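I have placed the structure first, in the form of C-alpha cells, so that the comments after it can refer back to it.
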Amino acid sequence: MTREEKSQVIQDLTAQLADTSTIYLADISGLDALTTTNLRRACFKANVKLAVVKNTLLEKAMEASDKDFGELPGVLKGNTSLMIAEAGNAPAKVIKEFRKKSDKPLLKGAYVEESVYVGDDQLDALVNIKSREELIGDIIGLLQSPAKSVVSALQSGGGKLSGILKTLSEK
C-alpha cells in the first residue's frame, strides 16, 4: 500500500468516525469463511456496517478525529474489525446473539454517544443501552399513562355531568 493510499484510507476512516456516534471494535479472527459470512449477514440485517481495518490506520484516524476516544486506541492489537451503527446497542446485540453459536466475535471496546467501554465484559451493559427511539417510546408511554387513567375514570362516571364531576373531585 502506497503512502497516498494509506493517507486516503485514514481520511475515509476519519470521516466515518466523525459521522457516527456508535463505534465498536471487535476481534473476529479465527472465524472460518462460512461463519464470517453469517456474521456479515447478521450485521447487514441489523443495519451494522462491519469492516476489517488496519490498527495503525485506525489509530491515526482516531487521532485526527475531533472525538475523544479515551482508552480505545490502546485496544488496537491483533485483528480488529470496526462495527458502525446508528443504534447504540445494535452491534452489541449482534455480537451477543452470534456468540450463542460461536465464541467469537470478542468485544475489544466501544464508543457509544461519547462514552468509552473497554473489554468484552462490557457487552451486557452495551446490550442494555436503549436507543433514542426506545427512550422516546418509553417517555410517550409514561406521558400517556396518566391521561388514560383520567379518561377511563371519566368513562366510569356514567357519562352524566354529575358522575364526571364526582369522579374528578375524587381524583
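The values are calculated or read from the model by the stated rules, or taken from the named source; none is laboratory data. This is a predicted model, so every value here is computed, not measured. Note: ideal-geometry Cβ built from the backbone for every residue, glycine included; neighbour counts use all protein chains shown. Ligands, DNA and RNA are stripped out before the accessible areas are found, and what is left, the full protein with its side chains, is counted by its heavy atoms. Shrake-Rupley method; radii C 1.70, N 1.55, O 1.52, S 1.80 Å.
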Looking at Thr37 and the list (1) surrounded by fewer than 14 Cβ atoms within 10 Å (Cβ to Cβ); (2) within 23 Å of Glu113 (Cβ to Cβ), which single condition is not satisfied?
(2)
With the checklist (1) under 24 Å from Leu76 (Cα atoms); (2) at pLDDT below 70 in hand, flag the one item Glu170 doesn't pass.
(1)
Hey, any hits in the range 57-77 for a residue that's more than 17 Å from Val116 (Cα to Cα), basic (Lys, Arg) and within 21 Å of the chain's Cα centre (by Cα)?
no
Based on what the data block shows, is Val112 under 16 Å from Ile23 (Cα atoms), in contact with a Ser or Thr (Cβ under 6 Å, 6 or more places away or on another chain) and open to solvent by 90 Å² or more (accessible area, probe 1.4 Å)?
no
